[in-house]
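Novice: Following this message is one structure expressed as structure tokens.
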Amino acid sequence: MVMLKKFPGIKSFLLSFLLFFLAGCGAGGGGGRPAPEYSGKVNAVVQDSFAVGDTLYKKHEYDAALNALLEFIKTFPHNRLTDEALYKTGKIYILKKDYSNANNQLNSLITLSPDPEYRAKAQLLRAQAYSLAGDDLSSLEAIKKCTLADLPTRMQIQYFSLFITTAKKLKVQQDKIDYAYLRLLDLYQDSSDRDLEALSQEGIVTKIMASQMVNLWVNSATPLDQIADWMKAYPRGYARPYVDFKIAKIYFDAKNTKAKNKLEDFVSGYPRHELAERAKKMLAILAGAKTSMLGGGLKIGVVLPLSGSLAPFGEAALRGIKCAAGLTPECLPLVNPVTSALGSIDLVIRDSGTSVDQMDGILSEMASLNVSAVIGPMSSQQAMAGARKANELKMVLLPITQKDGLMRDNPYVFQMGYDTFHQIDSLVTQALNRGYKTFGIFYPQNNYGREMQLSFENRVKDGGGKIIAKAGYNPTSSDYSDAIRELKLSSSTADPSRSVAFDALFIPDSFSAINRIVPQLRNASINNVVLFGGSAWNDDSLSAQNFDVFPQSFYVDLFSNNRTSDFVSQVSSAFSTANAHKPTSVEALGFDAAWFVMNAAKNIEDTTGEMIRNELASQRNLSGLTTIRSFESSQGATVEPLVFLPTPQGINLSQ
């Protein structure tokens, strides 16, 4: 028996996709259309011959199935079962990564089949084959040739999902991707097949994801001259009210005189829609209830790495921002008192990329769009460049970074992060208060490690402590034995009850490095010493059980899901429901960046950069997910440090 697992290098998602794809297959001619006419007839002999290959296929015996189905195609005149045989041989070739033969089989099906449904399915499968082969351009061309109306609903979902994936990679115009999300929402909502709501296969845009992206699109800023033609002619269906509201909102944001009629039409046309209340509030604004907000509520710029190696961090921060802005449905009830007071919140999102040079252009564009503040960027170099430009433009900037000194001489910068200077200060203060006077340093030999090592030494000296030993290690290696030996030899002690001469060992590295380092310290007979570090330790993947011979070890950070705060607990729960995980520190920082700006805007009439800056600078008891309490001019964020204690029973917060 030849099973799929015997094909080398095939990714697990491939079978998942093809099994999903199979769910829509079978004889064509559905949907009330006339049955297609075939030159070949199906009799018992034809049926039995096809059944041989089909049975092998269903058992996943693909090599044997391929031979049997190819023989069937060759033996009998083209009939309705030939279509299915061609289709399945195409899938088998894709499973074998033989995309050339897959294309041949599917082209034959497209050319020979009298059934438009089979032709459409084959064209879509060709598009998937091109995508798997890495030829996104050909994949997109094949998608365009597929007649959407001839596909069953499940495959229409696959059609738009594949289009979105491919279009993003090819940087197709965003409004076409937005259209695809809207159509997906229609398909999920209007279909009578309730099983579609539970779809979660890899490569499929789920109903929840489509809904989130439509909400993001509705709330994003769009210039009046960029109303796409398809928006004006969007078909009736579940998603149509979102399109109508979006058009009305564009006119409202542009202060166009047609805004009032557009909003009134929306309220009268969809009086019970979830967006009806927002439309009424916008009408109230136009009537003068809050004239300072005229022109579209609050606009927040977002400049994060959404491509490249830092994209996971940018996407994490964006999830937090969307939650705070109420663009994640599960979070909306918790933030609604603030979002309602603001009328509407628009996110103007741009990819920061990797270049420092483009920051000036991005922030200048943000200024032209009249954003009240910009969240991001995340890299230290881009943050420094952005800080200079933000001050020039008098634009509030909230970079998410630990870079030291970023707020120095930059009055429009409000740093969202626990900068390294303040982390070191918190760590040394905690250590000295716990009675530790002598220290070792075990640090990675890179810029970050050396910066932390030097800062730590200076702070310990200022606090009256003493550095007994230090050793650097290669951060790209997983074997720290030589560096540990150097550390141990430089801190030998005559006291038989102690393994080293220092009280506590500072390790400025990530949780993943700590998971490798701690067992090797134990193996080198270094024990009963306190290990401690900064926010980079703060991750659920930190192996707390490794600390059984390092009692009283600790680290500091500004966020924990386990804080005794109702707001943190409620947001954490809502966020987890929406994203299938509790918020991380980066997601919490994204949330708070938006949350702080929103609350500042709620308290003032004029949401210009100058007024937002003054409001943020005056706050002394900020309350969000993190423990950032205020921003001190030229110093940085004031953080109320959380102290974490890793123990074999788990990670606890110090009380």
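Novice: Filter region 128-153 for residues that are of a type in the set (D, E, K, R) and open to solvent by less than 50 Å² (accessible area, probe 1.4 Å) and give the result.
Specialist: Of the residues in region 128-153, the ones of a type in the set (D, E, K, R) are 135-136, 141, 144-145, 150.
Within region 128-153, Asp136, Asp150 qualify.
Novice: Pick from Thr564, Thr577, Thr584: which is of a type outside the set (D, E, K, R) and either more than 30 Å from Met209 (Cβ to Cβ) or over 24 Å from the mean Cα position of the chain (by Cα) (or both)?
Specialist: Working: Thr577 fails: either more than 30 Å from Met209 (Cβ to Cβ) or over 24 Å from the mean Cα position of the chain (by Cα) (or both); Thr584 fails: either more than 30 Å from Met209 (Cβ to Cβ) or over 24 Å from the mean Cα position of the chain (by Cα) (or both).
It is Thr564.
Novice: Within region 130-153, is even one residue modelled with pLDDT under 95, among the basic types (Lys, Arg), part of a helix (DSSP H, G or I) and farther than 26 Å from Leu56 by Cα?
Specialist: yes
Novice: Run down Pro34, Pro8, Pro77, Pro116 and say which single residue is of a type outside the set (S, T, N, Q), under 20 Å from Gln158 (Cα atoms) and either at pLDDT 95 or above or surrounded by fewer than 19 Cβ atoms within 10 Å (Cβ to Cβ) (or both). Even if it seems obvious, please write down each step before you answer.
Specialist: Values: Pro34 fails: under 20 Å from Gln158 (Cα atoms); Pro8 fails: under 20 Å from Gln158 (Cα atoms); Pro77 fails: under 20 Å from Gln158 (Cα atoms).
Criteria check complete, one pass: Pro116.
Novice: Follow-up question, since we're still on this one. For Phe72, only one of the following conditions fails: (1) modelled with pLDDT under 95; (2) open to solvent by less than 10 Å² (accessible area, probe 1.4 Å); (3) over 39 Å from the mean Cα position of the chain (by Cα). What is its number?
Specialist: The one condition Phe72 does not meet is (1).
Novice: Report yes if some residue within region 205-223 is part of a helix (DSSP H, G or I), among the small types (Gly, Ala, Ser), at pLDDT below 90 and touching a Leu at 6+ places or on another chain (Cβ under 7 Å); otherwise report no. Give the steps one after another, and end with the answer.
Specialist: If we filter region 205-223 for residues that are part of a helix (DSSP H, G or I), which is where we start, we get 207-219.
From what is left, the residues that are among the small types (Gly, Ala, Ser) are 210-211.
From what's left, at pLDDT below 90: 210-211.
This time we only want the ones that are touching a Leu at 6+ places or on another chain (Cβ under 7 Å), so: 210-211.
Yes - at least one qualifying residue is present in region 205-223.
Novice: Taking the options Phe532, Phe591, Phe554, Phe550, name whichever one is without any contact (Cβ under 8 Å) to a residue 60 or more places away in the chain, open to solvent by less than 20 Å² (accessible area, probe 1.4 Å) and hydrophobic (A, V, I, L, M, F, W, C). Spell out how you get there, then give the answer.
Specialist: Working: Phe532 fails: without any contact (Cβ under 8 Å) to a residue 60 or more places away in the chain; Phe591 fails: without any contact (Cβ under 8 Å) to a residue 60 or more places away in the chain; Phe554 fails: without any contact (Cβ under 8 Å) to a residue 60 or more places away in the chain.
So the residue among Phe532, Phe591, Phe554, Phe550 that is without any contact (Cβ under 8 Å) to a residue 60 or more places away in the chain, open to solvent by less than 20 Å² (accessible area, probe 1.4 Å) and hydrophobic (A, V, I, L, M, F, W, C) is Phe550.
Novice: Within the group Tyr238, Tyr234, Tyr181, which residue is of a type in the set (Ser, Thr, Tyr), at pLDDT 85 or above and part of a helix (DSSP H, G or I)?
Specialist: Tyr181
Novice: With the structure loaded, tell me whether Lys88 is open to solvent by 40 Å² or more (accessible area, probe 1.4 Å), touching a residue at least 24 places away in the same chain (Cβ under 8 Å) and either closer than 24 Å to Pro34 by Cα or basic (Lys, Arg) (or both) or whether it fails that test.
Specialist: Details: open to solvent by 40 Å² or more (accessible area, probe 1.4 Å): no; touching a residue at least 24 places away in the same chain (Cβ under 8 Å): yes; either closer than 24 Å to Pro34 by Cα or basic (Lys, Arg) (or both): yes.
Here the answer is no, as Lys88 does not meet what is asked.
Novice: I've got another one for you. Quick check on my filter: what residues within region 596-611 are under 16 Å from Met416 (Cα atoms) and crowded, with 24+ Cβ neighbours inside 10 Å? First the steps, then the outcome.
Specialist: If we filter region 596-611 for residues that are under 16 Å from Met416 (Cα atoms), which is where we start, we get 596-600.
Within region 596-611, Phe596, Val597, Ala600 qualify.
Novice: Name the residue that is surrounded by the most Cβ atoms within 10 Å (Cβ to Cβ), counting only residues in region 474-506 that are modelled with pLDDT under 90 and either within 38 Å of the chain's Cα centre (by Cα) or among the charged types (D, E, K, R) (or both).
Specialist: Of the residues in region 474-506, the ones modelled with pLDDT under 90 are 488-501.
Now narrow it down to the ones that are either within 38 Å of the chain's Cα centre (by Cα) or among the charged types (D, E, K, R) (or both): 488, 495, 498.
Details: Lys488: 20, Asp495: 8, Arg498: 16.
So, considering only residues that are modelled with pLDDT under 90 and either within 38 Å of the chain's Cα centre (by Cα) or among the charged types (D, E, K, R) (or both), the one surrounded by the most Cβ atoms within 10 Å (Cβ to Cβ) is Lys488.
Novice: Can you tell me which of Ala578, Ala574 is touching a Cys at 6+ places or on another chain (Cβ under 6 Å) and farther than 30 Å from Ser368 by Cα?
Specialist: Answer to the check: Ala574.
Novice: Which of the residues belonging to region 269-321 are modelled with pLDDT under 90, of a type outside the set (Gly, Ala, Ser), part of a helix (DSSP H, G or I) and under 28 Å from Met416 (Cβ atoms)?
Specialist: The answer is Arg278, Met293.
Novice: Quick one: count up the residues across region 83-108 that are closer than 17 Å to Asp63 by Cβ and either touching a Lys or Arg at 6+ places or on another chain (Cβ under 7 Å) or not in a helix (DSSP H, G or I) (or both).
Specialist: Here the count works out to 3.
Novice: Pull out all pairs, ordered by first then second residue, where Cβ-Cβ is under 6 Å, the residues are six or more apart or on different chains, the first lies in region 635-646 and is over 20 Å from Phe550 (Cα atoms), and the second is open to solvent by 20 Å² or more (accessible area, probe 1.4 Å) and assigned to a strand (DSSP E or B).
Specialist: The qualifying pairs are Thr638/Arg629; Thr638/Glu632; Glu640/Arg629.
Novice: Answer yes or no: is there a residue in region 615-626 that is within 30 Å of the chain's Cα centre (by Cα), in contact (Cβ under 8 Å) with a residue 24 or more places away in the chain and under 30 Å from Asn546 (Cα atoms).
Specialist: yes
Novice: For region 104-154, give me each residue that is acidic (Asp, Glu), over 24 Å from Pro34 (Cα atoms) and more than 27 Å from the chain's Cα centre (by Cα).
Specialist: Looking only at region 104-154, we keep the residues that are acidic (Asp, Glu), and these are 115, 117, 135-136, 141, 150.
Of the ones still in play, those that are also over 24 Å from Pro34 (Cα atoms) are 135-136, 141.
Glu141, the sole residue that qualifies.
The values are calculated or read from the model by the stated rules, or taken from the named source; none is laboratory data. These numbers were taken from a predicted model, which means no experiment stands behind them. Don't worry about glycine lacking a Cβ; one is built from the backbone with ideal geometry, like all the others, and counts go over all protein chains shown. With ligands, DNA and RNA removed, areas are computed over all heavy atoms of the protein, side chains included. Shrake-Rupley method; radii C 1.70, N 1.55, O 1.52, S 1.80 Å.
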